[in-house]
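Inspection log for the structure reproduced underneath, given as structure tokens.
The values are calculated or read from the model by the stated rules, or taken from the named source; none is laboratory data. On a predicted model such as this, the values are computed, not experimentally measured, just so you know. Note that we place each Cβ from the backbone using ideal geometry, even for glycine, and neighbour counts take in every protein chain shown. Accessible surface is based on the protein model in full, side chains and every heavy atom, while ligands, DNA and RNA are left aside. Shrake-Rupley method; radii C 1.70, N 1.55, O 1.52, S 1.80 Å.
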Amino acid sequence: MYKIGLKRMFSLFNIDLELFIPVFHEWIQKDKISNHVMVDVADYKHIPDGPGIMLIAHEGNFSIDLENGKAELLYTRKQPLEKDIANNIQTIASILDNACKLLETSDSLNGKISFSNQYQIISNDRYYFPTGKQSEKQLLQYSRKAFENADLIVGETYSGSRLNIKIDKK
């Protein structure tokens, strides 16, 4: 299972979404995300609770996600990693954390954003992890392995929604 989304919450977000467009274009031009073939930047900020500004790559997408009216950085993996789900979550967390560092140190964004240690895992694969108590338990178990010593809380789900776990990394 590799179709995992991982969000990281902003602790400071004092910026216009438009400023992420040239930053993401720079990532493409300078190949800033290793092991990713970055393709394009898309502006979806007109969609309520949508992906905001998105960097599309072959391996996974990055977006300034606007779900529930607040901005968060979301990385959604699209291509296979390993067989071990806990390792996949750790790899995805590493990719996301690297992207956070790039954004925090960007000259055009510096001082306007910062990230907290709060994350949210989202299962983007309803075949392997359909909404339900058994899948919830499994995803929680893998997440505990990937985020040792963190506080984990299973997020609310409803019919048709994706499993999600909120993580407070210490």
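Using a Cα-Cα cut-off of under 21 Å, which lysines could be cross-linked to LYS32, ignoring same-chain neighbours fewer than 8 residues away? Those lysines meeting the cut-off are LYS7, LYS78, LYS101, LYS112. Against the chain, whose longest principal axis is taken from its Cα atoms, helix 85-104 shows a tilt of about 20°.
Placing a label point 7 Å from the Cα of LYS169 along the Cα-to-Cβ line, the residues of the range 85-107 whose backbone N sits under 15 Å from it are 87-104. Note on the chain: Rg/Rh from C-alpha atoms, Kirkwood Rh, equals 0.95. Taking Lys and Arg as +1 and Asp and Glu as -1, the other residues whose beta-carbon sits under 13 Å from that of LYS101 total 0. Under a Gaussian network description of the chain, with springs only between Cα atoms under 10 Å, the residue in LEU12, LEU66, LEU55 that fluctuates furthest is LEU12. The local environment of ALA71, defined by Cβ-Cβ distances under 15 Å, has a net charge of -3 under the rule Lys, Arg +1 and Asp, Glu -1.
Of the residues GLY155, GLY69, GLY50, the one that moves most in a GNM of the chain with alpha-carbon contacts below 10 Å is GLY69. Principal semi-axes of the equivalent ellipsoid, √(5λ) from the alpha carbon gyration tensor of the range 35-128, are 22, 16, 14 Å from largest down.
Of all aspartates and glutamates in the structure, the ones whose alpha carbon falls short of 20 Å from that of LYS133, not counting any fewer than 8 places away in one chain, are ASP125, ASP151, GLU156.
Temperature 4 °C, viscosity 1.567 mPa s: under these conditions the Stokes-Einstein estimate for the range 84-165, based on its Kirkwood radius over C-alpha pairs, is 92 µm² per second. The long axis of helix 20-29 is offset from the longest Cα principal axis of the chain by roughly 90 degrees.
Of the solvent-accessible surface of the range 1-100, computed with a 1.4 Å probe and all protein chains present, 48% belongs to carbon and sulfur. Seen from LEU17, the other residues with C-beta closer than 15 Å to its C-beta sum to a net charge of -4, counting Lys and Arg as +1 and Asp and Glu as -1.
Per-residue surface analysis assigns LYS101 an accessible area of about 130 Å², computed on protein heavy atoms at 1.4 Å probe radius.
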